[in-house]
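Novice: Structure provided below as C-alpha cells; questions to follow.
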Amino acid sequence: MKRIIAITAILAVLVSAAPKCNLDKAMRNFEKRMDLNMSGSKVTKNIASDPEGVSVVQKLSKPIKSGQYMGLRQYLVYGFIGCELKDVRMGKLSKDSEIVAEATMHLRSDGNLKASCKGSGDVTRANPFTYSMEPNPECVCYDLNSIERKPDKRAWCAEEGDLEPDRLVIPARALDFVDPFEKKVDNSGSSVQVVESDCYFNSPDAGGRTAKKVLGVVGKNLKKLAKAVDAVDGDEKYGNVTLKIKIAADGAVTSASVVSATLFNNDVKNVVSETVSGWNFGKAKADDVVFFLVLKVTE
C-alpha cells in the first residue's frame, strides 16, 4: 500500500513539473516582431489534447483605421506543434471578406523567422512531374537572426532536413483562414448540389468577381432550383450538368446554356438554364464575365 502511495506521489510531482505551453506569449512575441496590432481581435482556438499535437489559433483584427490598408482586416492563423510555434498564415481581407494578400511565415525553433512563402506555400513543394520534393522559389528567406538573406540558388530557403520525407510539418489546410462571420448556406438536403472543384472562370481576369462570391449566390438559390428540378417528370433526371453563364457588369445573367451533361432529360436541362438565367450576381467592373457552373442532380 505504501508503495502504491509513493508511486502516485511521484507521478503527481512529474505531472506538476511538466512544462505548460504559453501559446499567448509566443503569439505576442511574433506580433511584436512583425509590428502588428491585433488588440480587440476575434480569436478562435483549436487546442490539441495531445501534448505533441497540432494546435491552431486564429485572430481576425478590427478594420484598420488608417494608412494604405485602411478598411482591411488583418488575420493571423498560428500553427503550433506541441508548445513550438511553427507557422503563421498571414493575410488581409477586403470589406467583402475576400482575401487580398496572403503568405505563410515559417519559424525556427527559437522563434526567429526562417521564410515567408506566398499563399499557403512551404519552403519545399512537390514537383508535378517527378512527385519528389524540391525547394520552393516563391519564398523570402531569413537568416538565424530574422534578417532577410539572399536565397541559395539550389536550396532557396530550404535548409538541412527540409527535403526529408519524414519532416514534421503542419498540413497547409490546417492553417486555412476561416471567416467567423461568414453565414453558411445549408443545402445538404437539396437534390441539386454544386461541384465546386469543377467550377471556374474562363479567364483569370474576372473584373472583380470571385468564385466565392458567385458560388455564394448559387448557394442561396440552390433550394429553389432543386424545387423546380424536382417538379420535372420523366426518367434520366440524375447526373451532372455544366452551365456556361455570362454575367454582365450589373450582375444580370445575359445567357446560361448547358454545354455538357451526364443526364439526358431535356426538360431538366431547360429548367436549370432558365432558372439560372433569372439570377443576379451583383455589380462588378467587367461586362460578360463567363463562369462555368457544374451542378449535380441526385435522387
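Novice: Kindly provide the set of residues from region 207-253 that are under 17 Å from VAL294 (Cβ atoms), outside any helix (DSSP H, G or I) and in contact with a helix residue (DSSP H, G or I) (Cβ under 8 Å, 6 or more places away or on another chain), ordered by number.
Specialist: LYS237, VAL241, THR242, LEU243, ILE245, ILE247, VAL253
Yes/no matrix, rows are residues, columns are (1) under 17 Å from GLY91 (Cα atoms); (2) at pLDDT 95 or above; (3) more than 24 Å from the chain's Cα centre (by Cα):
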| site | (1), (2), (3) |
| --- | --- |
| LEU11 | no, no, yes |
| PRO19 | no, no, yes |
| ASN46 | no, yes, no |
| VAL54 | no, yes, no |
| MET70 | yes, no, no |
| ARG73 | yes, yes, no |
| TYR78 | yes, yes, no |
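Novice: Taking the conditions exactly as written (in contact (Cβ under 8 Å) with a residue 60 or more places away in the chain and over 30 Å from VAL123 (Cβ atoms)), does VAL192 satisfy them or not?
Specialist: yes
Novice: When both residues are 6+ apart or on different chains and their Cβ atoms are under 7 Å apart, which pairs have a first residue that lies in region 163-175 and is over 16 Å from TYR75 (Cβ atoms), and a second that is surrounded by 10 or more Cβ atoms within 10 Å (Cβ to Cβ) and among the aliphatic types (A, V, I, L, M)?
Specialist: Filtered contacts from region 163-175: LEU163/MET133; LEU168/ILE81; ILE170/VAL54; ILE170/ILE81.
Novice: Determine if region 190-197 includes at least one residue that is among the charged types (D, E, K, R) and either in contact with a Ser or Thr (Cβ under 6 Å, 6 or more places away or on another chain) or in the same structural domain as ALA231 (by TED's automatic domain parsing) (or both). Even if it seems obvious, please write down each step before you answer.
Specialist: Within region 190-197, the subset among the charged types (D, E, K, R) is 196.
Retained after the next criterion (residues that are either in contact with a Ser or Thr (Cβ under 6 Å, 6 or more places away or on another chain) or in the same structural domain as ALA231 (by TED's automatic domain parsing) (or both)): 196.
Yes, region 190-197 has at least one match.
Novice: Being closer than 30 Å to VAL43 by Cα and either modelled with pLDDT under 90 or out of contact with any Cys (no Cβ under 7 Å at 6 or more places or on another chain) (or both) is the requirement here; does LYS184 meet it?
Specialist: Considered against the rule, which asks whether it is closer than 30 Å to VAL43 by Cα and either modelled with pLDDT under 90 or out of contact with any Cys (no Cβ under 7 Å at 6 or more places or on another chain) (or both), LYS184 comes out as yes.
Novice: I'd like to verify a number: residues in region 85-122 that are of a type in the set (Asp, Glu) and in contact with a helix residue (DSSP H, G or I) (Cβ under 8 Å, 6 or more places away or on another chain), how many?
Specialist: 4
Novice: What number of residues within region 223-250 satisfy the criterion of being within 26 Å of the chain's Cα centre (by Cα) and either more than 23 Å from SER191 (Cβ to Cβ) or at pLDDT below 95 (or both)?
Specialist: Looking only at that region, the number is 2.
Novice: How about region 161-205: which of its residues are closer than 23 Å to SER55 by Cβ and charged (D, E, K, R)?
Specialist: ASP162, ASP166, ARG167, ARG173, ASP176, ASP179, GLU182
Novice: Further question: Quick check on my filter: what residues within region 141-198 are among the hydroxyl-bearing types (Ser, Thr, Tyr) and either in contact with a Gly (Cβ under 7 Å, 6 or more places away or on another chain) or in a loop (DSSP other than H, G, I, E, B) (or both)?
Specialist: The answer is SER146, SER188, SER190, SER191.
Here is a yes/no grid of residues against (1) surrounded by 14 or more Cβ atoms within 10 Å (Cβ to Cβ); (2) in contact with a helix residue (DSSP H, G or I) (Cβ under 6 Å, 6 or more places away or on another chain); (3) farther than 19 Å from ASP176 by Cβ:
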site	(1), (2), (3)
ASN29	no, no, yes
MET38	yes, yes, no
LYS42	yes, no, no
LYS45	no, no, no
ASP50	no, no, yes
LYS65	no, no, yes
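The values are calculated or read from the model by the stated rules, or taken from the named source; none is laboratory data. Values in this document were obtained by computation on a predicted structure and should not be read as measured data. Because the Cβ atoms are built from the backbone with ideal geometry, glycine has one as well, and the counts that use them run over all protein chains shown.
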